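The values are calculated or read from the model by the stated rules, or taken from the named source; none is laboratory data. In this text the structure is predicted, and so the values were computed from the model without any measurement. Note: ideal-geometry Cβ built from the backbone for every residue, glycine included; neighbour counts use all protein chains shown. Heavy atoms of the whole protein, side chains included, go into the accessibility calculation; ligands, DNA and RNA do not. Shrake-Rupley method; radii C 1.70, N 1.55, O 1.52, S 1.80 Å.
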There are 2 protein chains.
Amino acid sequence: MRSIGALGKATNTKVETIRYYERIGLLAPPQRTDGNYRTYDDEALARLSFIRRSRDLGFSLDQVRALLSLTDQGTQDCKTVDRIARDHMAEIERKIADIIALRHELSTMIESCGGGNISECRIIEALSPFDN
Amino acid sequence: MRSIGALGKATNTKVETIRYYERIGLLAPPQRTDGNYRTYDDEALARLSFIRRSRDLGFSLDQVRALLSLTDQGTQDCKTVDRIARDHMAEIERKIADIIALRHELSTMIESCGGGNISECRIIEALSPFDN
DNA sequence: TCTTGACCCTGTAGTTGCTACAGGGAGCAT
DNA sequence: ATGCTCCCTGTAGCAACTACAGGGTCAAGA
């Protein structure tokens with residue numbers, strides 16, 4: 001059994017975040033000590049680790065919730081898990097395409113600017129709606 | 001002169017967003033009609049277009065505010081504009097590196113999963129903290 | 001003329017995923 | 001007894017919008 005601070009350290013999670021996960025129902029309310037402190041067992045540690053790893057991989061809290069409920073059911077419904085993961089992957093691919101296009105636009109814009117204190121700023125021009 | 005709805009259509013911006021920009025001081029409060037409707041001139045259109053284009057390129061509202069104040073001053077301080085743009089570019093590069101690493105992790109995880117209704121789900125395993 | 005419908009107004013609350021207090025209590029060391 | 005670190009609840013804040021609720025305005029059609 002460990003305190004919320006210890007759990008936070010073990011999972012690299014802020015104490016407030018753990019309480020937040022409890023509040024939104026991702027983590028079950030843990031047992032309390034006489035002094036009303038939360039105490040966590042190894043299962044809670046495993047669950048929070050799972051949540052954090054999923055979050056690190058970019059899953060939304062809703063997706064994490066779905067993944068958790070699938071593992072809670074113990075049905076090992078790999079098809080559904082796979083779909084969630086693949087959906088997420090597709091979104092990541094979209095984001096990559098978007099951000100790379102954006103980088104291209106940005107770099108074109110920046111390159112067209114000499115960078116000095118000139119009277120006509122190409123960056124501002126590039127952002128402006130009309131040719132002036 | 002155009003209504004807020006017309007301005008929204010012209011700049012692909014929701015009406016609520018325009019009012020929001022006004023509330024946070026990005027857009028000046030426009031003139032009103034007798035019926036208390038906002039009316040926008042071409043300058044407002046140009047300004048909102050600038051904001052939207054900057055936002056599309058991923059600049060934060062704070063960055064947009066800085067860029068706008070630079071253009072408002074008319075000093076054409078290209079050095080500062082360039083710095084803002086380059087800072088933003090560096091952040092984009094960081095994000096690209098992060099998301100590509102993430103894609104790699106995700107795809108490795110997904111590939112290790114057959115995708116059927118098997119008793120052991122590799123994705124869940126990959127997300128779990130302990131080998132089971 | 002009346003009515004319908006599209007638009008507009010203000011103000012507030014919700015979204016995501018936390019984070020940061022404020023104002024207090026618990027527990028341990030000195 | 002005092003200080004210190006941790007913990008508690010509850011609420012408000014962040015970005016950048018978005019979505020109402022509960023009304024007012026205005027132009028067109030029957």
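Cysteine residues of chain B whose C-beta has no other cysteine C-beta under 4.7 angstrom: B:C113.
Dividing the mean sequence gap of close Cα pairs (under 8 Å, 6+ apart) by how many residues chain B holds gives a relative contact order of 15 percent.
With all protein chains kept in place, the per residue accessible area of chain A amounts to 58 square angstrom at a probe of 1.4 angstrom. Note on chain A: Cα convex hull, mean projected area over all directions, 13.4 nm².
In this Cβ point-charge picture (+1 for Lys and Arg, -1 for Asp and Glu), the protein assembly as shown has a dipole of about 580 debye about its Cα centre. Loop-resident trypsin sites (Lys or Arg not before Pro) (DSSP state other than H, G, I, E or B) in the stretch A:1-72 with no more than 12 further Cβ atoms inside 10 Å of their Cβ: A:K14.
When +1 charges are put on Lys and Arg Cβ atoms and -1 charges on Asp and Glu Cβ atoms, the dipole computed for chain A relative to its Cα centre reaches about 660 debye.
Applying D = kT/(6 pi eta Rh) to the protein assembly as shown, where Rh is the Kirkwood radius over alpha-carbon pairs, T corresponds to 10 °C and eta to 1.306 mPa s, the Stokes-Einstein value obtained is 71 µm²/s. Model label points for A:Y37 and A:R86, set 7 angstrom from Cα along the Cα-to-Cβ axis, are 4.8 nm apart.
Take A:R65, push a point 7 Å out from Cα through the beta-carbon direction, and compare it with the same point in every other copy: 3.3 nm, smallest first. Inter-copy label distances for A:E22: 4.5 nm (label point placed 7 Å from Cα along Cα→Cβ; shortest first). Interface between chains A and B: roughly 4400 Å² of accessible area buried, both sides summed (probe 1.4 Å, protein heavy atoms only). Where a Cα-Cα gap under 25 Å defines reach, which lysines qualify for A:K79, not counting those fewer than 8 residues away within the same chain? Once the sequence-local lysines are set aside, what remains near A:K79 is A:K95. If you run the Gaussian network model on chain B, springs between alpha carbon atoms under 10 Å, then out of B:L27, B:L61, B:L102 the most flexible one is B:L102. Diagonalising the gyration tensor over the Cα atoms of the stretch B:1-76 and scaling each eigenvalue by 5 before taking the square root yields semi-axes of 21, 14, 11 Å, largest first. Longest stretch of chain B clear of exposed loop sites (chymotrypsin sites (Phe, Trp or Tyr not before Pro), DSSP loop, at most 15 other Cβ atoms within 10 Å, sites excluded): B:38-129.
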